[in-house]
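Note sheet for the following structure.
We did not get these values from a lab; they are worked out from the coordinates using the rules stated. Just so it is clear, the model here is predicted, and its values are computed rather than measured. Because the Cβ atoms are built from the backbone with ideal geometry, glycine has one as well, and the counts that use them run over all protein chains shown.
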Amino acid sequence: MSTRPLLIVLLIAVGGWNAGCATPSYGEQARIDARRRMNIVNAELTYDQAEQAFKTGQFDDALKNINRCVEVMPDRPKFHLLQGRIHLETHRLDKSIESFQAALEQQRDYAEAHYFSGIVYQRWSDDEKAHEHYRAAYELEPSAVGYLLAAAESMVALSRVDEAKRLVEQKLDYFEHIPALRQLLGQIALLQDDPETAATYLAEASRFNPDNLMLLEEVAHTQFAAGLYLKCLDSTRELRRAIHEQRPDLVHLEARCLAQLQRFEDAREAYLQLTRLTPRDVEVWVDLGVLAWEMDDFHRMALCGARLATLAPQRYEGYLLKGINERHHGNLPEAIALLKRAASLAPDTALPQLVLGRVLDEAGDRKSALAAVRRAIQAEPENGDANLMYVELSQDHTLVTVPSQEQAH
């Protein structure tokens, strides 16, 4: 029997086995590459759909599409990033950080993934980790002002205020027309108890962003805190014109500026307007009463005192104003009774004790006057008026005048 058929069978079997172990033929490789290219195209199209759905707030559709992308091509960092952003927007922070970490595993220098990781840790109140990611994002893309702001703000949260200030200042010229940087420097200056510098930075920020009325309001309040009353008045009036509505808080700020500028008549008109807008606002009646005191308008001072005694009987200002008015009209016993009531309601405030001490001395009760001034010094040891009055009373000099509001403070 011939062995040729058997050899042919063996050769065919061996050839088939070798073909199974060899690299794919050119045609097979071309088909694999074609399928991969098609998967990439399909994944990119699905990613675009997911991104569009995300931007329009269709988060369920967006998540469904991006999950398919991640499943097909898990090595694409941007797929994980969008997945994480969708989870972040729908408040699933644990899932979002997993996606951002997956993106960073694929690409360690992915600035955007660091930035959104920082947002997650910030929401978890982990300021250290938030700063690490924000700082990494900024160092990877130093031209991105949002990353710079996030890094600086996270430093402020960690009480590294001076470092945050230096970080922003060194980029101020580079981002010359970005108002947010100057706004942040203004807020840092406020934290450093420097309202004048803060007002300068905030005003500059407002000039670059004139339509931001919230920023303009921040400017006005900071200018008042800095004692820049004329600038504050201008900012407040500009704000009121832009808002086109009657906001009592802005009328109050304008009235305070006018009073500080000693434009008393205008200030009084503003306060009277406020008493009509907010008739139960205690602070308005206090300010109007003090202004009446400045203007020697004892009739209005008495009205304010009576109103305050009704609105806020637990506060001292109403009885103080009423007591001063009674003293002005020569009714010392009633004045002393009212001033004692005021002093009892504010044991930690020197002013009512000082006025009481003066009226007691005027009534001839030097011993009680000295006791009142001692209580004023105990309440406010650094109060110059209290210490001066104590020296004067101790030297047996008769005091016969009630201090003006400015002198008393």
- Paramagnetic reach from E392 in the stretch 337-367 [backbone N under 13 Å; point 7 Å along Cα→Cβ]: 354-362
- Item | Within straight-line cross-link reach of K340, lysines at Cα separation under 25 Å, skipping those fewer than 8 residues along the same chain | K322, K367
- Message: Explain nothing, just compute: Karplus ³J(HN,Hα) = 6.51 cos²θ - 1.76 cosθ + 1.60, θ = phi - 60°, for every residue of the stretch 248-258 in order, whole Hz, x for Gly and Pro.
- Response: x, 5, 6, 4, 5, 4, 5, 4, 5, 4, 4
- Message: Report, to one decimal in Å, the Kirkwood hydrodynamic radius for the chain based on all distinct Cα pairs.
- Response: 28.0 Å
- Compute the distance in nm between two label points, each set 7 Å from the Cα along the Cα-to-Cβ direction, one at L277 and one at R247. 1.0 nm
- Cleavage-rule hits (GluC sites (Glu not before Pro)) in the stretch 216-254: DSSP loop, at most 12 neighbouring Cβ within 10 angstrom: E245
- List the trypsin sites (Lys or Arg not before Pro) within the stretch 98-169 that fall in a DSSP loop (any state other than H, G, I, E or B) and whose Cβ has at most 16 other Cβ atoms within 10 Å. R108, R160
- Item | the chain: relative contact order as a whole-number percent, Cα under 8 Å and 6+ apart | 5 percent
- Item | the chain: calculated mean residue ellipticity at 222 nm from DSSP helix runs of at least 4, using -39500 (n - 2.57) | -24500 deg cm²/dmol
- Work out the length of the dipole vector of the chain about its Cα centre, built from +1 on the beta-carbon of each Lys and Arg and -1 on the beta-carbon of each Asp and Glu, and round it to the nearest 20 debye. 1320 debye
- Query: Near K55, which lysines are there with a Cα under 16 Å away, not counting those fewer than 8 places off in the same chain?
  - Reply: K64, K78
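Give me the number: length gained by fully extending F264 to L311, i.e. 0.36 nm times residue separation minus the C-alpha to C-alpha distance, one decimal in nm. Display every interim value, and only then the final one.
Values: separation 47, 0.36 × 47 = 16.92 nm, distance 2.46 nm.
Full extension of this stretch gives 14.5 nm more.
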- Query: D193 to R92: extension gain in nm, 0.36 nm per residue of separation minus the Cα-Cα distance?
  - Reply: 32.5 nm
- Note on the structure: Here the Cα Rg-to-2.2 N^0.38 Å ratio for the stretch 101-229 is 1.14
